[in-house]
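These notes are about the structure you will find just below.
The values are calculated or read from the model by the stated rules, or taken from the named source; none is laboratory data. What you see is a predicted model; the values in this text were computed from it and never measured. Heads up, the Cβs are rebuilt from the backbone with ideal geometry, glycines too, and the neighbour counts pull from every protein chain shown.
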Amino acid sequence: MSIKENINKIDENIWEIPSSYKKQMKVPARLYLNEEGIENLEEGAIEQVTNVACLPGIQKFSLGLPDIHFGYGFPIGGVGAFNMNNGVVSPGGVGFDINCGVRMIRSNLSEDDLKPYITELTEKLFKNIPSGVGSKGKIKLLPKEIDEVLNKGAEWAVNNGYGWKEDLKFLEENGRIKNADSEVVSDKAKKRGIPQLGSLGSGNHFLEVQKVDEIYNEKAAKIFKLKKGTITIMVHSGSRGCGHQVCSDYLRKMDKAYKKYKLNIPDRQLACAPLDSEEAQDYLKAMYAAANYAWANRQMIVHWVRETFEDVLGKSAKDMGMTTVYDVAHNIAKEETHIVNKNGMKLNLLVHRKGATRAFGPGRSEVPEDYREIGQPVLIPGTMGTSSYVLHGTEIAMENTFGSTAHGAGRILSRSKAKKEFSADEIKENLLSKGIQVKANSDPVLAEEAPGAYKNVDQVVKTSDKLGIAKLVAKVTPLIVTKG
């Protein structure tokens, strides 16, 4: 019997697998997908979202968002929230690229302002922001400095001259989780992080120069200071080898911990530990340190983007209005307060977001004061050469998805299959025909990241908007794409 036969339609774009599907399930598994999305969803990803529903202390639902696909432990596009008193933390619910996320910068420039410089700007951005597998940043940290980066995040970067103090106001967690502790990060993770700070990495990470193509919500766009026709810059990167090593280190520890604490889990990839255990607390401190590294990493990249624009256009970044719209994390677990039942009772929860974007609604103290009236900006990047979107968080998301929505398009083809199916030359020609400059370290990367290897981001975003778990504000289209 196919697992899909156990999926019940609850409402338009809402589906549920009852907790009776598996004896271990403590809550139902809920999927937020349109008809096409549910039809094409891999059975492995559905199985994963039901497995998450079996973990101790999980609240309300195990969630699959509109970009859900098969991952490690949790599905990518998966959310699970756990009671701080009797729940667990699982590295498989955060992933290897801890705090992979997106930063958006606005400007007062127009496409016409860039046209004379577009080729030079493409070349210099590619040169000035290191990218690719194993790429190294432009600075060499001293061994003791990596601890400061891990503990202070983007704050360290700003204090050391990378960017502006006002940037911090518009970063999730202000770019620093204070519970981080570099002491529980291994020397190997630190050694991997030291040379890579200030680099994009590879795969689906990118730097794009874009223009605001459409405005869907004038009021929200005004609050976010986005104007049709103006230039934006989007950076998608994470914690590089440092975060990957933190995850690897603690997966080994959790593999012992779940046996030690006699936790009955349906999949070894969901290895976890009770939140009050030493193993869980050490993982959280190390994971937060890697998240801080990622915020510092994006902060430094943005600094070099501004410098590059200054060099090419001969104006100051301040004069070009190159300020931060927002920065969101995609892979993280954080303590948050949410209402979990109809009585309005609030609980402290550890919310795991794996390939998911926080979408907090109006009034939440975690949202920058400038945006509190409308809710936080939600940044959903497209695939190479396609549009990306800005949305805003909602009350509906707070009620239904622990303030979460999709994080991107979601892969449908593996990298090896994409390389067989797509030609780098054809991709380059296609992008150039649309007026998009593209620069990558290698042709295989272009083939791996072909738009056809991903779900249609337009459909993912429309589903989020229809559901009300994030509402559309603006569409941005690329002019320059640089890839690792």
Open item on the list: For the stretch 350-374, which positions are more than 30 Å from Asn204 (Cα to Cα) and not in a helix (DSSP H, G or I)?
Closed with: Pro362, Gly363, Arg364, Ser365, Arg372, Glu373
Task: Unmet criterion (only one of (1) surrounded by fewer than 22 Cβ atoms within 10 Å (Cβ to Cβ); (2) touching a residue at least 60 places away in the same chain (Cβ under 8 Å); (3) not aromatic (Phe, Trp, Tyr)) for Ala273 - done: (1)
TODO: Hey, can you tell me all the residues within the stretch 336-351 that are β-branched (Val, Ile, Thr) and over 17 Å from Ser62 (Cβ atoms)?
DONE: Thr337, Ile339
Open item on the list: Just to be sure before I move on: is Gly73 under 18 Å from Val460 (Cα atoms) and touching a residue at least 24 places away in the same chain (Cβ under 8 Å) in the structure I sent?
Closed with: no
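Take the conditions on the phi > 0 side of the Ramachandran plot and of a type outside the set (A, V, I, L, M, F, W, C) and apply them to Gly77. Does it pass?
Against the criterion (on the phi > 0 side of the Ramachandran plot and of a type outside the set (A, V, I, L, M, F, W, C)), Gly77 qualifies.
Tell me which residues, restricted to the stretch 451-473, are small (Gly, Ala, Ser) and surrounded by fewer than 23 Cβ atoms within 10 Å (Cβ to Cβ).
Kept after step one, since they are small (Gly, Ala, Ser), are these residues of the stretch 451-473: 452-453, 464, 468, 470.
Selection gives Gly452, Ala453, Gly468.
Yes or no, residue by residue, for (1) among the aliphatic types (A, V, I, L, M); (2) within 19 Å of Leu270 (Cα to Cα):
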| position | (1), (2) |
| --- | --- |
| Asn13 | no, no |
| Gln24 | no, yes |
| Leu33 | yes, no |
| Glu39 | no, no |
| Lys60 | no, yes |
| Gly73 | no, yes |
| Gly77 | no, yes |
- [ ] Those residues that are closer than 30 Å to Ala450 by Cβ, among the β-branched types (Val, Ile, Thr) and out of contact with any Lys or Arg (no Cβ under 9 Å at 6 or more places or on another chain), I need them from the stretch 359-417; list them, please.
- [x] Ile380, Thr386
TODO: Specify which of the listed residues (Ala289, Ala257) is over 18 Å from Phe206 (Cα atoms), free of Cβ contacts under 8 Å to residues at least 40 places away in the same chain and touching a helix residue (DSSP H, G or I) at 6+ places or on another chain (Cβ under 6 Å).
DONE: Ala257
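If you check Leu65 against the conditions, is it in contact (Cβ under 8 Å) with a residue 24 or more places away in the chain and out of contact with any Phe, Trp or Tyr (no Cβ under 6 Å at 6 or more places or on another chain)?
Values: in contact (Cβ under 8 Å) with a residue 24 or more places away in the chain: yes; out of contact with any Phe, Trp or Tyr (no Cβ under 6 Å at 6 or more places or on another chain): no.
The answer is no for Leu65.
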Open item on the list: For the stretch 201-222, give me the residue count where each residue is surrounded by fewer than 20 Cβ atoms within 10 Å (Cβ to Cβ) and either hydroxyl-bearing (Ser, Thr, Tyr) or within 21 Å of Gly175 (Cβ to Cβ) (or both).
Closed with: 1
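Please determine, by comparing only the residues of the stretch 400-418 that are modelled with pLDDT of 95 or more and among the hydrophobic types (A, V, I, L, M, F, W, C), which one is surrounded by the fewest Cβ atoms within 10 Å (Cβ to Cβ). Walk me through how you get there before you give the answer.
Taking the stretch 400-418 as the starting set, the residues that turn out to be modelled with pLDDT of 95 or more are 400-407.
Narrowing further to those that are among the hydrophobic types (A, V, I, L, M, F, W, C): 402, 406.
Values: Phe402: 26, Ala406: 31.
It comes out as Phe402.
If the requirement is being touching a Pro at 6+ places or on another chain (Cβ under 6 Å), closer than 16 Å to His330 by Cβ and touching a residue at least 24 places away in the same chain (Cβ under 8 Å), which of these qualifies: Val79, Val88, Val102, Val94?
Residue meeting the stated conditions: Val102.
From the list Ala189, Ala180, Ala154, which one is small (Gly, Ala, Ser), crowded, with 22+ Cβ neighbours inside 10 Å and under 30 Å from Ile480 (Cα atoms)?
Details: Ala189 fails: under 30 Å from Ile480 (Cα atoms); Ala180 fails: under 30 Å from Ile480 (Cα atoms).
Going through Ala189, Ala180, Ala154 in turn, just one is small (Gly, Ala, Ser), crowded, with 22+ Cβ neighbours inside 10 Å and under 30 Å from Ile480 (Cα atoms): Ala154.
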- [ ] Give just the number: which of (1) in contact with a His (Cβ under 9 Å, 6 or more places away or on another chain); (2) more than 17 Å from Met104 (Cα to Cα); (3) of a type in the set (Ser, Thr, Tyr) does Thr357 not satisfy?
- [x] (2)
Task: Qualifying positions in the stretch 12-27 - under 27 Å from the mean Cα position of the chain (by Cα) and surrounded by fewer than 14 Cβ atoms within 10 Å (Cβ to Cβ) - done: Glu12
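For the stretch 245-285, what are the residues that are of a type in the set (Ser, Thr, Tyr), farther than 16 Å from Ile98 by Cβ and part of a helix (DSSP H, G or I)? Please lay out each step first, then the result.
Taking the stretch 245-285 as the starting set, the residues that turn out to be of a type in the set (Ser, Thr, Tyr) are 248, 250, 258, 261, 277, 283.
Remaining after also requiring farther than 16 Å from Ile98 by Cβ: 258, 261, 277.
Scanning the stretch 245-285 gives a single hit, Tyr258.
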TODO: Show the residue pairs that are 6+ apart or on different chains and have beta-carbon atoms under 7 Å apart, the first residue being within the stretch 109-122 and farther than 19 Å from Leu207 by Cβ, the second being buried (at least 17 other Cβ atoms within 10 Å of the Cβ) and among the polar types (S, T, N, Q).
DONE: Ser110/Thr230
Open item on the list: So Asn341 passes all but one of these: (1) assigned to a helix (DSSP H, G or I); (2) surrounded by fewer than 21 Cβ atoms within 10 Å (Cβ to Cβ); (3) not charged (D, E, K, R). Which condition number does it fail?
Closed with: (1)
